[in-house]
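Here is the structure we will look at.
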Amino acid sequence: MLIKGRVYLFGDDINTDVIYPGKYLSITTDRGEMAKHCFEAVYPEFLKTAQRGDIIVAGKNFGCGSSREQAATCLKYFGVAAVVAESFARIFYRNAINLGLPVLIAKGIKGFTEHGQTLEVDLVSGAIRNTETGGSMTAQGVPEFVLEILTSGGLIPYLRKKLGIAGQEV
């Protein structure tokens with residue numbers, strides 16, 4: 001599974017409140033509405049300039065803080081193609097996979113790319129190529145069972161498919 005997108009670069013310890021502000025937790029459960037608030041408190045330009053298919057690149061501990069799944073939800077429904085980080089908070093990582101948002105661990109990714117450059121990311125092999133510089137690096141590839149969850153659109157669609165259960169997305 002190959003993903004190509006423009007980079008939005010973030011630092012270390014990007015917490016869930018930075019990704020999706022807690023003040024909206026009691027206001028909406030609509031995923032489209034959640035998507036309108038990605039990074040608004042710390043990076044309001046993101047909402048104006050980011051496009052579907054862009055890639056979030058970050059340092060260590062992306063998604064730390066509270067366990068709210070809305071952080072991963074707002075990124076997915078905004079249209080972020082993937083999050084590539086040096087490390088993830090465990091709960092964010094799992095929430096992203098459950099929702100079908102690709103996440104890839106890539107040690108040294110922050111020094112490999114700059115904001116606005118374009119990356120090609122192969123989720124299976126972990127190969128990452130910077131199309132601006134021609135540089136390449138290798139991250140941890142996504143395990144096959146996780147790739148199946150991602151290509152199914154998340155854990156619930158994956159389980160429905162595996163169990164032969166028809167139904168709409170939850």
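The rows are residues; the columns are (1) of a type in the set (Lys, Arg); (2) farther than 30 Å from Thr29 by Cα; (3) touching a residue at least 40 places away in the same chain (Cβ under 8 Å).
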site	(1), (2), (3)
Leu75	no, no, yes
Phe88	no, no, no
Lys107	yes, yes, no
Arg129	yes, yes, no
Leu163	no, no, no
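Here's the yes/no breakdown for (1) loosely packed, with under 14 Cβ neighbours inside 10 Å; (2) in contact (Cβ under 8 Å) with a residue 12 or more places away in the chain:
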{"residue": "Leu101", "(1), (2)": "no, yes"}
{"residue": "Glu114", "(1), (2)": "yes, yes"}
{"residue": "Glu120", "(1), (2)": "no, yes"}
{"residue": "Thr133", "(1), (2)": "yes, yes"}
{"residue": "Ser136", "(1), (2)": "yes, no"}
{"residue": "Gly141", "(1), (2)": "no, yes"}
{"residue": "Ile149", "(1), (2)": "no, yes"}
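Scan segment 1-49 for residues that are crowded, with 18+ Cβ neighbours inside 10 Å, within 17 Å of Leu119 (Cα to Cα) and either of a type in the set (Val, Ile, Thr) or in contact with a helix residue (DSSP H, G or I) (Cβ under 7 Å, 6 or more places away or on another chain) (or both) and jot them down. Selection gives Val7, Tyr8. In the set (1) basic (Lys, Arg); (2) touching an Asp or Glu at 6+ places or on another chain (Cβ under 6 Å); (3) buried (at least 17 other Cβ atoms within 10 Å of the Cβ), Lys107 fails one condition alone, (3). Can you pull out the residues in segment 19-58 that are outside any loop (DSSP other than H, G, I, E, B) and β-branched (Val, Ile, Thr)? Those that are outside any loop (DSSP other than H, G, I, E, B) and β-branched (Val, Ile, Thr): Ile19, Thr49, Ile55, Ile56, Val57.
Computed from the coordinates by the stated procedures, all read-outs in this text should not be read as laboratory data. Just so it is clear, the structure is predicted and the values come from calculations on it, not from any experiment. Neighbour counts run over all protein chains shown; Cβ positions are idealised from the backbone, glycine included.
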